[in-house]
Amino acid sequence: MEHSWTQDNLESLQSHILAEEQKCLGATGEFTWIISAISLATKAIGNKVRCARIQDVIGEAGEVNVQGEMQQKLDIIANEIIMHCLGNRDNVGVLGSEENETPVLLRRRDEGGRYAVLFDPLDGSSNLDISVGVGTIFSVLRLSDEGSREEAMLQQGANQVAAGYVLYGSSTVLVLTTGNGVDMFVLDQSIGSFVLVSRGLKIPSGNKTYSTNEAYTDKYSQGIQSYLKWAHQNDYSSRYIGSMVADVHRVLLKGGVFLYPPTTDKPDGKLRLMYEGNPMAMIIEQAGGKAVASKDRILDIVPEGLHQRTSVILGSEDQVDAVIKHTT
Ligand code: AHG
Ligand code: MN
Ligand code: MN
């Protein structure tokens, strides 16, 4: 796939999604409408991230969010941007955000609100003030007709119609799957568009690299400790950035395994299922990798709450299996 565009290969996110949508019989273009809102929102968030220190929106907002974590000023700004951009899409019925305790109800299904969009508006925000990659993670579900919209959005990750993330790193990269493989776009500032740079990404195998916060080793299960000890004795290298989007993006492109397992003080894990675990698991699986909570598939977990946490072990199948071998 070309990694730069010319007049005869330029394909934007919009044109790509429309072309993909044509493949789905009866496609109505409503899906493109949602992705275009995410594209607009993440361009705006990326701009804020890059000007954060200049505009003095670095640092803590002074509030604790529903996660019990100190909110960064940009967590709130990013959340407001996404809420605004998605809120005026007339086919979005409900929004679920890491920064909002309860779902935001927009339109009833009989008013056209057929989709739920769940998101982590700013992932890795504790890294903001040191200019390390942060991102936005999103998950799109079609609302079933049963029950309330709050209940209808709590679906297994296997039901996602789309998932993706934007990494505000040395470049602004959007990675997206709509269930037919994983495509990657880079924001070309000169034309203000996400341009397609890779189609059908496949996660490499054989990369003996693990990614975890080793400060927690003594708080991990015996199985995870045994895996880490085995890795230390088998020429593994370690890479950990502390922003899930950046760590997962490296695993997607280079292979290896990212693990945030439960600890004694976080027995359910730290990462949230609905807007971190599920979207990343869909992307990794669509790229030919594997994503499990301990040994069970993350995408099969039946959610009970918008903010429920999950263990996350994801990456190349061979590397995830090496972890599972020590934990079961
Ligand atoms: P968020 O900034 O959305 O709260 O997410 C932070 C998460 C995730 O990005 C990362 O993988 C993890 O926190 C890092 O946690 P530790 O600092 O405990 O390693
Ligand atoms: Mn996050
Ligand atoms: Mn966040």
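The values are calculated or read from the model by the stated rules, or taken from the named source; none is laboratory data. Not measured: the values here are computed from a predicted model. Reconstructed Cβ throughout: ideal geometry from the backbone, glycine too, with neighbour counts over all protein chains shown. The protein model used for the area step is the full one, side chains on, heavy atoms only, and it has no ligands, DNA or RNA in it. Shrake-Rupley method; radii C 1.70, N 1.55, O 1.52, S 1.80 Å.
Solvent-accessible area of residue 326, all protein chains in place: 50 Å² (probe radius 1.4 Å, heavy atoms, ligands and nucleic acids excluded). Carbon-plus-sulfur accessible fraction, region 219-328 (probe radius 1.4 Å, protein heavy atoms only): 47%. For the cross-link pairs 254/290; 295/325; 254/295; 208/254; 48/270; 202/290, the ones whose C-alpha atoms lie over 18 Å apart are 254/295; 48/270. Gyration tensor analysis over the Cα atoms of region 11-121 returns equivalent ellipsoid semi-axes of 29, 19, 9 Å (largest first, whole Å). Highest GNM mean-square fluctuation among 190, 221, 139, for the chain modelled with Cα contacts below 10 Å: 190. Solvent-accessible area per residue in the chain equals 42 Å², computed with a 1.4 angstrom probe and all protein chains kept. In the chain, one over the average inverse separation of all distinct C-alpha pairs is 20.0 Å, which is the Kirkwood hydrodynamic radius. Give me the log10 of I(q) over I(0) for region 209-327 at q = 0.13, 0.14, 0.20 Å⁻¹, as the Debye formula computes it from C-alpha points; what are the numbers? Scattering profile of region 209-327, log10 relative to I(0): -0.43, -0.50, -1.09. DSSP beta bridges confined to the chain are antiparallel in about 85 percent of cases. With Cα atoms as the point set, the radius of gyration and Dmax of region 97-151 evaluate to 14.7, 46 Å.
Seen from residue 114, the other residues with C-beta closer than 12 Å to its C-beta sum to a net charge of +1, counting Lys and Arg as +1 and Asp and Glu as -1.
Length available on full extension from residue 300 to residue 64: 0.36 nm per residue minus the Cα-Cα distance, which gives 81.9 nm.
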